[in-house]
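**Student:** Let me give you the structure first, and then I'll get to my questions.
The values are calculated or read from the model by the stated rules, or taken from the named source; none is laboratory data. Bear in mind that the values here come from a model prediction, so they are computed numbers and not experimental data. In this analysis, Cβ positions are derived from the backbone assuming ideal geometry, glycine residues included, and neighbour counts consider all displayed protein chains.
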Amino acid sequence: MIYRIKLPWVLLTGLTLICGCSKPKDKISDTTAARPNIIFIMSDDHAYQAISCFGSKLIKTPNIDRIANEGIKFKNSFVTNSICAPSRAVLLTGKYSHKNGLRDNLDRFDNTQMTFPKLLQQAGYSTAIIGKWHLKSKPTGFDYWNVLIGQGNYYNPRMVATEDTVTHTGYTSDLITDFTIDYIEKRDTAKPFCVLYHHKAPHRNWMPKLEDLPEVLNKTYPLPQTFYDDYATRSAAREQDMHIEDMFLSQDMKLLPADYGQETGTGGKDGWQQRAESSWLAMLEQLTPEQRKIWDQYYDPIREDFRKQDLTGKALLEWMYQRYMQDYLGSVKAVDDNIGRLLDYLDDHNLSENTIVVYTSDQGFYLGEHGWYDKRFMYEESLRMPLVMRYPAAIKPGQVTDAMVLNLDFAPTLLDFVDVDIPSDMQGSSFRDIVLGKEPPGWRSSIYYHYYEYPHGWHNVKKHEGVRTDRYKLIRFYDDADEWELFDLSEDPNELNNLVGDPEYSQIKDELTTELMKLKGFYEVPHQEDKMESNL
Ligand code: CA
């Protein structure tokens with residue numbers, strides 16, 4: 001039943017957009033006489049649904065929770081373009097994809113442009129990035145880097161460091177943490193430091209740590225409420241290719257060709273089955289004999305069970321969901337454990353008080369909601385970024401904010417915290433005042449989103465853009481589609497009921513369309529990228 005709705009006039013007509021310009025600011029506290037260090041932790045594809053402080057019933061993440069409990073948790077943190085490399089480019093530049101030039105994972109980052117690490121470096125910081133980089137060009141703005149090649153492997157990764165390229169032995173989440181601690185240990189102590197500590201996990205293809213296998217492979221998980229979504233009112237959602245049934249039996253389910261005969265998943269494109277299978281066999285080959293022995297000890301019984309059951313239809317789909325969850329959440333566990341190790345290191349070395357620690361993921365992810373894995377869509381699960389932040393010298397513990405923040409804001413916020421001028425062409429806004437307990441008047445009341453990776457790339461998610469307020473969301477799929485979707489998040493938090501044709505909501509649709517146009521104007525989204533005006 002649809003109720004008559006009060007329009008959020010204040011939101012839609014009173015939009016105040018905040019520029020990222022420097023402004024007079026309050027002194028944080030006397031304890032910040034020494035400029036803070038920064039540890040920016042970003043994992044890959046870590047859904048807020050898999051973090052206990054965000055209400056997850058799937059897993060406990062005590063160490064990420066610790067950052068929230070000792071600082072601030074953001075209930076409304078969003079990504080501007082929900083895919084790996086573009087999110088990272090927005091983080092570095094504080095600019096939307098159409099401004100920083102990296103719209104999808106096939107683009108190469110222009111590493112000559114200004115980034116917040118470059119500005120920190122110029123301001124006397126020692127800067128580093130360790131772990132996932134994924135921007136194709138060489139890291140710039142860092143005194144030290146030690147980064148995975150492309151997506152990197154879960155085990156025995158080959159990494160490109162400032163001085164050499166080395167294939168390491170071990171579990172990648174552990175190694176990235178080891179290298180981060182080692183960098184902090186050996187840093188130039190005359191300078192404050194900023195390290196981007198970026199996990200590969202829990203990106204596909206989700207390989208847990210050997211020591212965790214006995215625990216993580218024994219669990220079963222409830223199906224999400226929307227697992228059997230029929231996409232009745234959403235044609236773009238129907239046409240995607242990121243359903244759990246599209247997963248590969250090889251690299252995603254960890255089976256071998258002898259178990260299934262012919263690979264069935266499409267995982268994004270027809271004809272990629274062979275590629276997935278070859279890739280998986282190569283990954284297994286890269287394990288050391290000792291690692292492989294333990295791996296097989298735990299996964300061979302799963303393979304045997306699969307062969308015995310001879311599953312089809314819903315039974316097969318639900319088995320695939322359980323397999324996906326076990327490996328995904330197992331990969332998350334190792335990320336959380338390693339964050340605990342880093343936090344303990346800071347405590348043991350008297351670094352906790354004056355270090356800003358941020359935990360986020362490059363975007364959200366589907367854990368079976370709508371029947372999916374992956375990200376891309378502007379729907380809540382992939383639009384949301386988990387975000388918690390701790391800085392004991394200035395941020396009060398136990399805070400929760402519902403202010404809408406974006407990954408666009410990270411660069412200006414961090415610069416603001418260390419008193420470095422924010423370039424006027426950065427499009428984000430510093431949320432420093434929010435974490436200090438006072439949301440600035442006129443803080444944004446709507447966000448703009450734009451996804452580009454289509455028709456090339458994976459998963460067949462059409463190009464789209466949209467606007468979200470605290471209650472409503474309007475999405476427009478364009479290019480080879482012209483589909484609009486409108487959701488009332490307070491009535492329909494799972495976004496199943498597209499209201500775009502509902503006369504009860506026509507005024508809201510008009511208001512949101514106006515808001516979308518305002519945001520596009522403000523962020524200078526090029527007109528040639530869409531035909532919106534002609535479609536109004
Ligand atoms: Ca990602």
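**Student:** Need at least 2 residues that are within 22 Å of Thr413 (Cα to Cα) and of a type in the set (Phe, Trp, Tyr) per element, so show me which strands (runs of 3 or more DSSP E) inside segment 432-484 make the cut, counting only ones lying wholly within it.
**Tutor:** Of the strands (runs of 3 or more DSSP E) lying wholly inside segment 432-484, those with at least 2 residues that are within 22 Å of Thr413 (Cα to Cα) and of a type in the set (Phe, Trp, Tyr) span 447-451.
Yes/no matrix, rows are residues, columns are (1) within 15 Å of the ligand (Cβ to nearest atom); (2) of a type in the set (D, E, K, R); (3) more than 15 Å from the chain's Cα centre (by Cα); (4) not assigned by TED's automatic domain parsing to the domain that holds Arg341:
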| site | (1), (2), (3), (4) |
| --- | --- |
| Phe74 | no, no, no, no |
| Ala89 | yes, no, no, no |
| Lys99 | no, yes, yes, no |
| Leu119 | no, no, yes, no |
| Ser137 | no, no, yes, no |
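**Student:** Let me ask something else. Restricting to segment 314-341, count the residues that are hydrophobic (A, V, I, L, M, F, W, C), within 30 Å of Asp419 (Cα to Cα) and either surrounded by fewer than 19 Cβ atoms within 10 Å (Cβ to Cβ) or within 16 Å of the ligand (Cβ to nearest atom) (or both).
**Tutor:** Result for segment 314-341: 0.
**Student:** A further question on this structure: If you check Phe193, Phe227, which single one turns out to be touching a residue at least 12 places away in the same chain (Cβ under 8 Å) and over 27 Å from Gln251 (Cα atoms)?
**Tutor:** Details: Phe227 fails: over 27 Å from Gln251 (Cα atoms).
Phe193 is the lone residue from the list that is touching a residue at least 12 places away in the same chain (Cβ under 8 Å) and over 27 Å from Gln251 (Cα atoms).
**Student:** Taking the options Thr80, Thr61, name whichever one is among the polar types (S, T, N, Q), buried (at least 24 other Cβ atoms within 10 Å of the Cβ) and more than 16 Å from the ligand (Cβ to nearest atom). So that I can check it myself, show each step before the final result.
**Tutor:** Numbers: Thr80 fails: more than 16 Å from the ligand (Cβ to nearest atom).
Exactly one of Thr80, Thr61 is among the polar types (S, T, N, Q), buried (at least 24 other Cβ atoms within 10 Å of the Cβ) and more than 16 Å from the ligand (Cβ to nearest atom), namely Thr61.
**Student:** Looking at segment 105-112, can you tell me whether even one residue there is over 30 Å from Glu465 (Cα atoms), modelled with pLDDT of 95 or more, more than 19 Å from the chain's Cα centre (by Cα) and not hydroxyl-bearing (Ser, Thr, Tyr)?
**Tutor:** First, pick out the residues of segment 105-112 that are over 30 Å from Glu465 (Cα atoms): none.
No, segment 105-112 has no match at all.
**Student:** Name the one entry in Leu383, Leu351 that is at pLDDT 95 or above, within 16 Å of the ligand (Cβ to nearest atom) and of a type outside the set (D, E, K, R). Break it down into steps so the answer makes sense when it comes.
**Tutor:** Details: Leu351 fails: within 16 Å of the ligand (Cβ to nearest atom).
After applying the criteria, what remains is Leu383.
**Student:** Out of all the residues in segment 465-518, which are aromatic (Phe, Trp, Tyr), in contact (Cβ under 8 Å) with a residue 40 or more places away in the chain and over 15 Å from Phe78 (Cβ atoms)? Walk me through how you get there before you give the answer.
**Tutor:** To start, the set of residues in segment 465-518 that are aromatic (Phe, Trp, Tyr) comprises 472, 477-478, 484, 487, 505.
Now drop any that are not in contact (Cβ under 8 Å) with a residue 40 or more places away in the chain, which leaves 472, 477-478, 505.
Correct list: Phe477, Tyr478, Tyr505.
**Student:** Looking only at segment 48-89, which residues are outside any helix (DSSP H, G or I), closer than 21 Å to Ala334 by Cβ and in contact with a helix residue (DSSP H, G or I) (Cβ under 6 Å, 6 or more places away or on another chain)? Working first, answer last.
**Tutor:** Going residue by residue through segment 48-89, those that are outside any helix (DSSP H, G or I) are 51, 55-61, 70-83.
Filter once more, keeping what is closer than 21 Å to Ala334 by Cβ: 51, 56-61.
Matches in segment 48-89: Ile51, Ser56, Leu58, Ile59, Lys60, Thr61.
**Student:** Only one of these is farther than 30 Å from Ala89 by Cα and surrounded by 14 or more Cβ atoms within 10 Å (Cβ to Cβ): Gln297, Gln291. Name it. Reasoning before the result, please.
**Tutor:** Working: Gln297 fails: surrounded by 14 or more Cβ atoms within 10 Å (Cβ to Cβ).
Result: Gln291 is the single residue among Gln297, Gln291 that is farther than 30 Å from Ala89 by Cα and surrounded by 14 or more Cβ atoms within 10 Å (Cβ to Cβ).
**Student:** Continuing with the same structure: Read through the list (1) within 16 Å of the ligand (Cβ to nearest atom); (2) outside any loop (DSSP other than H, G, I, E, B), then give the number of the only condition that Arg376 fails.
**Tutor:** Tallying (1) within 16 Å of the ligand (Cβ to nearest atom); (2) outside any loop (DSSP other than H, G, I, E, B), Arg376 fails exactly one: (2).
**Student:** Just wondering, is there one or more residues in segment 115-136 that are among the charged types (D, E, K, R) and modelled with pLDDT under 95?
**Tutor:** Applying the first criterion (among the charged types (D, E, K, R)) to segment 115-136 yields 118, 132, 136.
This time we only want the ones that are modelled with pLDDT under 95, so: 136.
Taking every residue of segment 115-136 in turn, at least one turns out to be among the charged types (D, E, K, R) and modelled with pLDDT under 95.
**Student:** Run down Ile395, Ile356 and say which single residue is assigned to a strand (DSSP E or B) and either over 17 Å from the mean Cα position of the chain (by Cα) or away from the ligand (no atom under 16 Å from the Cβ) (or both). Reasoning before the result, please.
**Tutor:** Numbers: Ile395 fails: assigned to a strand (DSSP E or B).
Of Ile395, Ile356, the one residue that is assigned to a strand (DSSP E or B) and either over 17 Å from the mean Cα position of the chain (by Cα) or away from the ligand (no atom under 16 Å from the Cβ) (or both) is Ile356.
**Student:** Additional query: Contact list please: Cβ distance under 8 Å, first residue in segment 101-117 and among the aliphatic types (A, V, I, L, M), second residue crowded, with 18+ Cβ neighbours inside 10 Å, pairs at least six apart or on different chains.
**Tutor:** Leu102/Ala85; Leu102/Pro86; Leu102/Ala89; Leu102/Phe109; Leu102/Leu135; Leu106/Glu453; Met114/Thr93; Met114/Pro423
**Student:** Moving to a separate point now. Return the total of residues in segment 462-476 being in contact with a Ser or Thr (Cβ under 8 Å, 6 or more places away or on another chain) and buried (at least 16 other Cβ atoms within 10 Å of the Cβ). I'd like the intermediate steps shown before the answer.
**Tutor:** Within segment 462-476, the subset in contact with a Ser or Thr (Cβ under 8 Å, 6 or more places away or on another chain) is 467-471, 474.
Filter once more, so that each one left must be buried (at least 16 other Cβ atoms within 10 Å of the Cβ): 467-469, 471, 474.
Residues flagged as in contact with a Ser or Thr (Cβ under 8 Å, 6 or more places away or on another chain) and buried (at least 16 other Cβ atoms within 10 Å of the Cβ) within segment 462-476 amount to 5.
Conditions (1) charged (D, E, K, R); (2) surrounded by 21 or more Cβ atoms within 10 Å (Cβ to Cβ); (3) under 21 Å from Thr226 (Cα atoms); (4) more than 23 Å from the chain's Cα centre (by Cα), marked per residue:
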site: Gly442; (1), (2), (3), (4): no, no, no, yes
site: Ser445; (1), (2), (3), (4): no, no, no, no
site: His456; (1), (2), (3), (4): no, no, no, no
site: Asn460; (1), (2), (3), (4): no, no, yes, no
site: Leu499; (1), (2), (3), (4): no, yes, yes, yes
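**Student:** May I pose another question? Of all residues in segment 227-273, how many are modelled with pLDDT of 90 or more and either part of a helix (DSSP H, G or I) or among the hydrophobic types (A, V, I, L, M, F, W, C) (or both)?
**Tutor:** So the count comes out to 21.
**Student:** Now for a different question. Consider only pairs whose beta carbons are under 7 Å apart and that are at least six residues apart or on different chains; among these, list those whose first residue lies in segment 154-168 and is at positive phi and whose second residue is part of a strand (DSSP E or B).
**Tutor:** These pairs meet every condition: Asn156/Thr167.
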